[in-house]
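What follows is a single structure, written as structure tokens, with notes after it.
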Amino acid sequence: MAAVALVLCGAAFALTFKFSSTTPAAMMSGMGAEFFPRLVIAVMAILAVCIAFGIGNPPMESPAPVAGIVWITMAVLAGYVVLLELTGMWIASFVLMMVLGYMWGERRHLKLALTSSLLLLAIWLVFVKFLKGGFPAGLWS
């Protein structure tokens, strides 16, 4: 795993050399656009080396197997991405909240629908009305 992380860090670091060719001259003063990404990549590489040599990694028991609900949740979230492209943010998010809520044990459908609707209303008010942002409409919209 550490070797894969180091290879990815090297590839990402190489990509930062393209920043100077695509960054406007006005933004090149000071540390430059590549400084922070290189700093993050360097920290990730150092941590990968620590993992490779077992530095700071005390011996521990092997973890318990991942519960089946985790894999099902991942599948539901993957389905959400597809549904998001088709129906848009609001319908897909409502369906996601309803499905996950039911899956995780909430059996009061009215309460689940109401809280999902209120949360989406709050998100809409903050991001669309207050911050003037937009969300994907979906292909079927």
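Since every read-out is calculated from the coordinates, none of them should be taken as a lab result. In this text, all values refer to a predicted model and were calculated from it rather than measured experimentally. Ideal geometry is used to build each Cβ from the backbone, glycine not excepted, and the neighbour counts take in all protein chains shown.
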Select from region 124-141 the residues that are without any contact (Cβ under 8 Å) to a residue 24 or more places away in the chain and in a helix (DSSP H, G or I) and list them in ascending order. Leu125, Val126, Phe127, Val128, Lys129, Phe130
Have a look at Leu84, Leu100, Leu96, Leu119 and point out the one that is surrounded by 11 or more Cβ atoms within 10 Å (Cβ to Cβ), touching a Pro at 6+ places or on another chain (Cβ under 7 Å) and assigned to a helix (DSSP H, G or I). Leu84
Positions within region 42-93 being of a type in the set (Asp, Glu) and over 26 Å from Leu118 (Cα atoms), in sequence order: Glu61
Tally time: how many residues in region 105-116 are among the basic types (Lys, Arg) and either in a loop (DSSP other than H, G, I, E, B) or in contact with an Asp or Glu (Cβ under 6 Å, 6 or more places away or on another chain) (or both)? 2
Any idea which of Ser93, Ser62 is among the polar types (S, T, N, Q) and closer than 23 Å to Gly134 by Cβ? Ser93
Residue under evaluation Leu47, criteria (1) among the aliphatic types (A, V, I, L, M); (2) under 24 Å from the mean Cα position of the chain (by Cα); (3) over 30 Å from Cys9 (Cβ atoms), criterion not met: (3)
Considering only residues that are touching a residue at least 24 places away in the same chain (Cβ under 8 Å) and under 30 Å from Leu100 (Cα atoms), which ones fall in region 49-72? Ile69, Ile72
Look at Ala75 and say whether it is surrounded by fewer than 14 Cβ atoms within 10 Å (Cβ to Cβ), small (Gly, Ala, Ser) and in a helix (DSSP H, G or I). yes
